[in-house]
1. Which count do you get for residues in the range 78-88 that are open to solvent by 40 Å² or more (accessible area, probe 1.4 Å) and touching an Asp or Glu at 6+ places or on another chain (Cβ under 7 Å)?
2. Kindly indicate whether His13 is in a loop (DSSP other than H, G, I, E, B), loosely packed, with under 15 Cβ neighbours inside 10 Å, out of contact with any helix residue (DSSP H, G or I) (no Cβ under 6 Å at 6 or more places or on another chain) and not polar (S, T, N, Q).
3. Please pick out the residue among Asp98, Asp91 that is open to solvent by 50 Å² or more (accessible area, probe 1.4 Å) and closer than 19 Å to Phe142 by Cα.
4. Can you list the strands (runs of 3 or more DSSP E) lying wholly within the range 25-123 that have 1 or more residues being within 16 Å of Met12 (Cα to Cα) and free of Cβ contacts under 8 Å to residues at least 40 places away in the same chain?
5. Take Ala2 and decide whether it is under 30 Å from Ser122 (Cβ atoms) and exposed (fewer than 15 other Cβ atoms within 10 Å of the Cβ).
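The values are calculated or read from the model by the stated rules, or taken from the named source; none is laboratory data. In this text the structure is predicted, and so the values were computed from the model without any measurement. Here the Cβ positions follow ideal geometry from the backbone for every residue, glycine too, while neighbour counts run over all protein chains shown. When the accessible area is computed, the model is the full protein with side chains, heavy atoms only, and any ligands, DNA or RNA have been set aside. Shrake-Rupley method; radii C 1.70, N 1.55, O 1.52, S 1.80 Å.
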Amino acid sequence: MARPKKPVAATMHAVRITREGEYANIDYKNPAISGVSLKIGPRINEMTDQDILDLHNRIIRQKETMAAQYHHVAVEIPPGKPQIEFFENCDQWAPKGDVLRCLIHDDEYGELVVEIDGRELSLREFGRMLTTHAGWGMRIIFVPDNEIGKEPNVVIGENEE
């Protein structure tokens, strides 16, 4: 099943609006688009459904404007410094930067092990760590184990067999 698309600016014909206390739930009639629970506060009682939708659309447009202006610069932790840290309260690892240098191997049962800074993470631990970036994209570039500290040359094409 495909992941729902992000909410978009909409017309009243495209959504259903319901209220729960200080929240407005905006559900798209198109099931491929994710709904929104928008906390408005006590003023929700004085708002029409169109007022709620106008607020929702303003927020969507502001997010789109911010995303269009945002230029991401990936931060790579210098070699020799820890790239990940463990958070006890969440019981999981989290990356300290945006780039991870890691080695891939398997254990005696054939299960994936991802090694970062000499620490071996199971597939489950590595996957939980990736959830700290849920909603982002990811590129994985495979390189020989002795080149994980180098920026590889990347070409667009298909491997020839």
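1. So the count comes out to 1.
2. no
3. None of the others qualify; the one that does is Asp98.
4. 36-39
5. Criteria met by Ala2.
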